[in-house]
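J.: Encoded as structure tokens, here's the structure I'll be asking about.
None of the figures in this text is laboratory data; all of them are computed from the coordinates on show. Since this is a predicted model, take the numbers as computed values, not measurements. Cβ atoms come from the backbone with ideal geometry, glycine included; neighbour counts cover every protein chain shown.
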Amino acid sequence: MNGMNEAILAVAQAQQGDAIPVDIPPMTQSAPFMGKPPVTPKTKIDTMEEPRLWPKIRGIIEADIVNKPRNLQRELGPSELGTDCLHCLAAKLAGWEQSKQPAWLPYTGTCLHEHFERLFSNPQVMYGGQVFDGPAPEELKPLYCTEYTVTVGRLNGLTGGYDIKGSIDLWDVPEGATIDWKYVNDNSTLKLAKAHGPSQTYRVQASLYGIGLRNEGVDVRLSCIYFLPRNSQTLNDAYPWEREFDEKPGMWALSRANLLANLLDVIELADGPKMRDSWIRRLPHSTGHCFDCNTWPDSTTLPEFDEQAWPEVPDQWLQLMDLLEPEYQFTK
Ligand SMILES: [Zn+2]
């Protein structure tokens, strides 16, 4: 933000005549010539060193990043339920305030998703090359549906709840397959996925989409996760993962989230929200990488919150943590 403020200041100063544009020779300027030797003009702006338009352009892009629906959502979605980070799952369920910078890399993935949505909803692709005068006949089933919203389950606390909804990137209708794009930002992540398969988070997400589609009476047979490389010239490095649809990982995540939501409510009801938050703070973090860990008020990167008093959590509440599994045991 500092750089942006400096640039805005430079523009304002230039408009007030503080700086003389570099491409106008001093002798042609309208300022009265007082008989002094010409002074070398200051070269503050309109040089290649100080971009003038960029701050405003960047502002538009970053506002779009922050306003993307997935950044505004407060209710949990299928992409969050499978995490192996119990701490962050609980923090989200409790509605903790999260502070995130406008994230550029995930945004590029969102842009790719939007393009694929256009590509696969193009009538030529949707109906396998059949061309119609006007809209396609209603009785004809499309080959693909994009960004198809389904209800995968429900989250019930003691005082309320909501349906968990998610949007399937691509539904291959005749194959009964859900497809999820994963835009992978570096090749080491891609190698890791190829060696160990998709993460628990991704596999649970795929399972939940299948559950959501099946809830509508669709015969779901396949779950697909396609890892697409950001840093490759071709799609040869892509990692397509296709497995028979399995409802169990999704059901596991749904029941875990409901159990956790109820535990949070029980603690809050008995000892208040501060005790609940203190309990969340003691929950185990992911043993791998978690994008959310350092975005919460209890994160060590925000020292001002670390000093606030967290109530001592009694054993009866600590023991409840044993009921929660960070990891699902996949059979293969
Ligand atoms: Zn975390």
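J.: Can you tell me the FRET efficiency between ASP163 and SER232 if r is taken as the Cβ-Cβ distance and R0 is 35 Å, rounded to the nearest 0.05?
T.: It comes out at approximately 0.35.
J.: Taking R0 as 25 Å, what's the FRET efficiency between ALA103 and ARG243 from their Cβ-Cβ distance, rounded to 0.05?
T.: Once rounded, the FRET efficiency stands at 0.30.
J.: On to the next question. Just the number, please: Stokes-Einstein D of region 177-272 in µm²/s, Kirkwood Rh from C-alpha pairs, 4 °C, 1.567 mPa s.
T.: Reported coefficient: 85 µm²/s.
J.: Additional query: Plugging the Kirkwood radius over Cα pairs into Stokes-Einstein for region 256-323, at a temperature of 25 °C and a viscosity of 0.890 mPa s, what D comes out in µm²/s?
T.: The calculation lands on 188 µm²/s.
J.: How big is the Cα convex hull of region 77-176 in projection, averaged over all directions, in nm²?
T.: 9.7
J.: While we're here: For region 192-332, what is the largest minus smallest coordinate of the Cα atoms on each principal axis, given in angstrom and ordered from greatest to least?
T.: Extents along the principal axes: 53, 39, 25 Å.
J.: Related question: For labels at CYS111 and ALA136 in the simple 7 Å Cα→Cβ model, what's the distance in nm?
T.: Label-label distance for CYS111 and ALA136, simple model: 2.9 nm.
J.: Next question. Tabulate in residue order the Karplus-calculated ³J(HN,Hα) for region 92-106, using 6.51 cos²θ - 1.76 cosθ + 1.60 with θ = phi - 60°, rounded to whole Hz; enter x for Gly and Pro.
T.: Karplus values, whole Hz, x for Gly and Pro: 5, 4, 7, x, 4, 6, 10, 10, 10, 6, x, 9, 6, 4, x.
J.: Net charge within 15 Å of THR287 by Cβ-Cβ distance, Lys/Arg positive one each and Asp/Glu negative one each, not counting THR287 itself?
T.: Combined, the nearby Lys, Arg, Asp and Glu give -4.
J.: So, one more: Please go through the residue pairs LYS68/LYS165; LYS141/LYS248; LYS68/LYS191 and name each one whose alpha carbons sit more than 19 Å apart in this structure.
T.: Cα-Cα > 19 Å for LYS141/LYS248; LYS68/LYS191; rest within.
J.: While we're on this one: Cut-off 13 Å, label point 7 angstrom out along Cα-to-Cβ of LYS194: give me the residues of region 209-250 whose amide nitrogen falls inside.
T.: In region 209-250, the label zone of LYS194 (backbone N under 13 Å from the point 7 Å along Cα→Cβ) covers 227-241.
J.: Let me ask something else about it. Averaging the inverse of every distinct alpha carbon separation and then flipping it gives the Kirkwood radius. What is it for region 103-253, in angstrom units?
T.: 16.8
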